[in-house]
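What follows is one structure encoded as structure tokens, with my remarks underneath.
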Amino acid sequence: MYAADVFKSLMFAAGGRHPDRREPGGRHGQGLMLFVKQSLIGATPERVFAFHELPDALSRLTPPWEPTRVLRAAPDLKVGSVAVVETRLFGLVPVRWVARHTAYDPPRMFEDVQVEGPFRAWRHRHTVEPHEKGSVLRDEVDFETPLGVLGRMAAPLLVEPRLRRLFEYRHRVTREWCEGTARE
């Protein structure tokens with residue numbers, strides 16, 4: 001794990017704040033919470049972005065332990081493209097999740113929002129910034145849990161640990177492919 005990964009994970013866990021970013025791990029706006037995962041990838045922004053544009057990228061980024069099936073992958077990352085997955089709440093209740101791409105600026109950024117799914121609101125912005133050692137991949141997720149105050153109280157115990165584990169996996173898979181260390 002790179003030092004930048006450790007720093008960002010600790011920053012989130014401690015509720016810390018990056019000097020030029022919104023505060024992760026907290027609320028902002030109307031009940032929205034922010035989750036952030038950032039990693040240094042030893043590859044150009046173009047290569048990191050190209051990984052996300054692979055036709056099977058969503059399947060590659062879905063951890064084997066997640067009770068999730070890709071029903072329809074988005075054909076590309078361009079504005080208007082839609083992906084549909086089925087996930088299970090608490091491993092039991094099937095939930096259909098529909099995400100629509102709402103922003104696309106290769107090789108710098110793309111964004112998707114939940115149209116239908118388990119959250120009251122979900123916006124996921126993926127950014128790739130150049131770095132002297134490659135690229136910085138940053139995932140920002142603005143989300144609002146269901147069930148109002150009860151959902152917000154449960155988020156630190158149920159939602160945030162799952163997001164941390166999911167994005168640790170996603171960044172590792174991305175790094176391995178981009179740096180040429182992936183096992184195909």
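The values are calculated or read from the model by the stated rules, or taken from the named source; none is laboratory data. Everything numeric here is computed off the predicted structure, so don't read it as measured data. When we count neighbours, we look across all protein chains shown, and the Cβ atoms used for this are built from the backbone with ideal geometry, even at glycine.
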What about Pro118, is it in contact with a strand residue (DSSP E or B) (Cβ under 7 Å, 6 or more places away or on another chain), modelled with pLDDT under 95 and not charged (D, E, K, R)?
yes
The condition from (1) surrounded by 15 or more Cβ atoms within 10 Å (Cβ to Cβ); (2) touching a helix residue (DSSP H, G or I) at 6+ places or on another chain (Cβ under 9 Å); (3) not in a strand (DSSP E or B) that Thr181 misses is numbered (1)
A careful count of residues in region 124-162 that are within 27 Å of Glu46 (Cβ to Cβ) and without any contact (Cβ under 8 Å) to a residue 12 or more places away in the chain gives 1
- Message: Is it the case, given these coordinates, that Arg165 is part of a helix (DSSP H, G or I), in contact (Cβ under 8 Å) with a residue 40 or more places away in the chain, of a type outside the set (Gly, Ala, Ser) and closer than 24 Å to Leu40 by Cα?
- Response: yes
message: Checking the structure you have, find out if any residue of region 38-52 is part of a loop (DSSP other than H, G, I, E, B), surrounded by 13 or more Cβ atoms within 10 Å (Cβ to Cβ), within 14 Å of the chain's Cα centre (by Cα) and among the aliphatic types (A, V, I, L, M).
response: no
Quick check: anything in region 137-159 acidic (Asp, Glu) and in contact with a Ser or Thr (Cβ under 7 Å, 6 or more places away or on another chain)? no
Scanning region 70-95 for residues that are touching a strand residue (DSSP E or B) at 6+ places or on another chain (Cβ under 6 Å) and more than 17 Å from Phe51 (Cβ to Cβ) gives Leu71, Arg72, Val79, Val82, Val84, Val85, Glu86, Thr87, Arg88, Leu89, Pro94, Val95
